[in-house]
Amino acid sequence: MTLGTRERIGLLTSGGDAPGLNAVIRAVVKAASGLGWEVLGIEDGFEGLLGSKAYRVLTNADVQGLLSRGGTILRTTNKGHFGARQLTTPPAEDPYVQAVEAMRELGLRALITIGGEGTQRIALELYKLGAPIIGVPKTIDNDLAGTDRTFGFDTALQVATDAIDRLHTTAASHNRVMVLEVMGRHTGWIALHAGLAGGADIILIPEIPFDAEVIAEKVRHREENGSSFSIVVVAEGARPRGGSEMYLAEGRLGGIGHFVGDAIHQRTLKETRVVVLGHIQRGGSPSPYDRLLSTRYGAAAVKAAADGVFGEMVSLRSDEITTVPLAEATGHLKMVRPHSDLVVSARSLGVSFGDRR
Ligand code: F6P
């Protein structure tokens with residue numbers, strides 16, 4: 001591909017997809033073209049910077065209609081060749097060194113890396129090697145530190161809340177216990193927010209290990225007080241007290257919903273059904289909130305490139321867009337605080353977190 005002579009920036013999407021990725025791409029292209037810059041869309045995450053490289057020029061025409069479209073037109077990969085950097089690797093074989101070299105060859109004034117913690121960790125490593133990086137925070141899990149919100153979370157929340165609403169009516173009709181397993185590998189943001197928004201009776205999150213007997217007591221207690229059905233929302237990374245998170249045979253996280261469902265049935269003999277919501281939470285059109293946040297993030301990332309602000313991630317703080325050092329966004333996750341007002345409020349309404357206090 002022949003590249004033009006204009007000022008040029010690159011952007012890529014990396015890690016699990018999330019609704020709003022395309023909206024960020026659209027915002028970056030429109031804002032950059034307003035400055036007269038060319039935008040290179042690097043394909044398949046950081047992998048597109050390796051070997052013969054995979055990228056394409058993105059014009060305003062390419063991003064038409066993208067605001068509401070789920071997924072990412074640039075495709076994405078989980079880490080790929082970019083595992084933890086081994087300092088013993090010779091430079092010629094080091095994917096990090098190769099990626100920085102590729103950015104130089106492509107003449108990128110900046111590289112915008114749209115992704116979660118894993119992505120921003122790779123981005124920070126590239127920045128340390130001299131690459132002009134600007135991060136954009138994405139993940140439906142909302143667990144990225146350094147920002148109040150990641151885009152994708154609001155849409156996932158809507159999908160999960162809708163599922164709880166639907167489970168409510170069928171649970172009540174059959175006097176059943178319904179267990180909904182939602183995403184949240186390390187943190188319980190989706191389970192907590194959707195559980196509260198959907199009026200769940202029991203919410204199980206990784207930050208508060210549960211006791212199956214306490215869950216059964218809550219179901220029995222509801223029964224004794226005239227509610228013959230119960231709704232349980234469990235984050236995929238939740239775990240029993242003294243235990244660890246659960247994995248499917250193929251080594252992927254999963255199975256906790258069925259574990260909880262079986263435990264409830266064995267202890268209460270109530271008819272119990274389990275629903276695993278899975279990737280439905282990640283697909284489809286972004287909510288208005290996520291479209292807006294993605295748009296603001298995309299515009300802010302181009303402004304950072306214009307201002308020469310590198311090694312930073314755009315971030316939402318008290319409803320204002322700002323930037324934070326990439327180091328602040330990586331190395332640890334934003335967890336649900338067990339004494340936060342959300343948890344305390346939920347408990348005051350009688351929601352059980354499966355723990356004995
Ligand atoms: O990190 C986001 C997330 O949605 C997690 O909650 C989930 O465990 C993971 O992605 C699943 O990703 P994949 O199926 O792409 O490996």
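Computed values, structure above
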{"read-out": "Residue that is in a loop (DSSP other than H, G, I, E, B) and either within 13 Å of the ligand (Cβ to nearest atom) or touching a Ser or Thr at 6+ places or on another chain (Cβ under 6 Å) (or both), where the choices are 251, 243, 226", "value": "251"}
{"read-out": "Residue in the range 134-141 that is part of a loop (DSSP other than H, G, I, E, B) and of a type in the set (A, V, I, L, M) present", "value": "yes"}
{"read-out": "Residue within the range 291-303 that is under 21 Å from residue 141 (Cβ atoms) and without any contact (Cβ under 8 Å) to a residue 24 or more places away in the chain present", "value": "yes"}
{"read-out": "Strands (runs of 3 or more DSSP E) lying entirely in the range 1-82 (those with 1 or more residues that are buried (at least 17 other Cβ atoms within 10 Å of the Cβ) and either hydroxyl-bearing (Ser, Thr, Tyr) or at pLDDT below 95 (or both))", "value": "8-13, 55-58"}
{"read-out": "Some residue of the range 85-107 being β-branched (Val, Ile, Thr) and under 20 Å from the mean Cα position of the chain (by Cα)", "value": "no"}
{"read-out": "Residue count for the range 268-292, restricted to those that are part of a helix (DSSP H, G or I) and out of contact with any strand residue (DSSP E or B) (no Cβ under 6 Å at 6 or more places or on another chain)", "value": "9"}
{"read-out": "Residue that is surrounded by the fewest Cβ atoms within 10 Å (Cβ to Cβ) [pool: residues in the range 257-284 that are among the β-branched types (Val, Ile, Thr) and either closer than 13 Å to residue 232 by Cα or within 16 Å of the ligand (Cβ to nearest atom) (or both)]", "value": "280"}
{"read-out": "Within the range 64-82, considering residues that are more than 15 Å from the ligand (Cβ to nearest atom) and either free of Cβ contacts under 8 Å to residues at least 40 places away in the same chain or of a type in the set (Lys, Arg) (or both), the one farthest from residue 26 (Cα to Cα)", "value": "81"}
{"read-out": "Check on residue 89, in a loop (DSSP other than H, G, I, E, B), surrounded by 24 or more Cβ atoms within 10 Å (Cβ to Cβ) and away from the ligand (no atom under 13 Å from the Cβ)", "value": "no"}
{"read-out": "Matching residues in the range 102-123 - criterion: being surrounded by fewer than 22 Cβ atoms within 10 Å (Cβ to Cβ) and either within 16 Å of the ligand (Cβ to nearest atom) or among the basic types (Lys, Arg) (or both)", "value": "104, 109, 118, 121"}
{"read-out": "Set 3, 35: member being among the aliphatic types (A, V, I, L, M), more than 16 Å from the ligand (Cβ to nearest atom), more than 17 Å from residue 133 (Cα to Cα) and not assigned by TED's automatic domain parsing to the domain that holds residue 96", "value": "3"}
{"read-out": "Neighbours by Cβ (under 7 Å, 6+ apart or cross-chain): first from the range 1-22, farther than 19 Å from residue 101 by Cα; second small (Gly, Ala, Ser) and more than 16 Å from the ligand (Cβ to nearest atom)", "value": "6/36; 19/285; 20/294"}
{"read-out": "The one condition in (1) in contact with a helix residue (DSSP H, G or I) (Cβ under 9 Å, 6 or more places away or on another chain); (2) farther than 18 Å from residue 118 by Cα; (3) not β-branched (Val, Ile, Thr) that residue 52 fails to fulfil", "value": "(1)"}
{"read-out": "Any hit, the range 230-241, residues being more than 24 Å from residue 340 (Cβ to Cβ), open to solvent by 50 Å² or more (accessible area, probe 1.4 Å) and at pLDDT 95 or above", "value": "no"}
{"read-out": "Members of the range 176-218 found to be part of a helix (DSSP H, G or I) and surrounded by 24 or more Cβ atoms within 10 Å (Cβ to Cβ), listed by number", "value": "189, 190, 191, 192, 194, 195, 215"}
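Residue-by-condition table, conditions (1) within 13 Å of the ligand (Cβ to nearest atom); (2) within 13 Å of residue 311 (Cα to Cα); (3) among the acidic types (Asp, Glu):
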| residue | (1), (2), (3) |
| --- | --- |
| 100 | no, no, no |
| 125 | no, yes, yes |
| 132 | no, yes, no |
| 143 | yes, no, yes |
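The values are calculated or read from the model by the stated rules, or taken from the named source; none is laboratory data. For clarity, every value in this text was computed on a predicted model and none was experimentally measured. Reconstructed Cβ throughout: ideal geometry from the backbone, glycine too, with neighbour counts over all protein chains shown. The area values use the complete protein model at the heavy-atom level, side chains included, leaving out ligands, DNA and RNA. Shrake-Rupley method; radii C 1.70, N 1.55, O 1.52, S 1.80 Å.
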